[in-house]
């Protein structure tokens, strides 16, 4: 029972850190990797959306359609092994 409670508390703490991004954590990460951008102060409601491990012929076209439908943008990180045979899809991403 104690392990279950400890597990739940651990998940809540980790979730809170990831969700609210405390400034002390961002400052520490920024000091460790000064070339990486972790946050931007803005008055606009902005979301940075990344799509990893593509292109996938079954999901990437649907993602691109949704982005276009909503006038949204995303950054795609592609795997070189997935590009052969999907060149047209890569062109659509670009």
| Qualifying residue in region 40-50 (condition: farther than 30 Å from residue 93 by Cα and not assigned by TED's automatic domain parsing to the domain that holds residue 94) | no
| Being under 27 Å from residue 70 (Cβ atoms) and either modelled with pLDDT of 75 or more or in the same structural domain as residue 71 (by TED's automatic domain parsing) (or both), is that true of even one residue in region 22-37? | yes
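Do you know which residues across region 68-81 are touching a residue at least 12 places away in the same chain (Cβ under 8 Å) and closer than 20 Å to residue 46 by Cα?
The first filter runs over region 68-81 and keeps only residues touching a residue at least 12 places away in the same chain (Cβ under 8 Å), leaving 72-79.
Scanning region 68-81 gives 72, 73, 74, 75, 76, 77.
The values are calculated or read from the model by the stated rules, or taken from the named source; none is laboratory data. The structure presented is a predicted model; accordingly, all values stated were derived computationally and were not measured. A quick note on method: Cβ atoms are made from the backbone with ideal geometry, for glycine too, and the neighbour counts reach across all protein chains shown.
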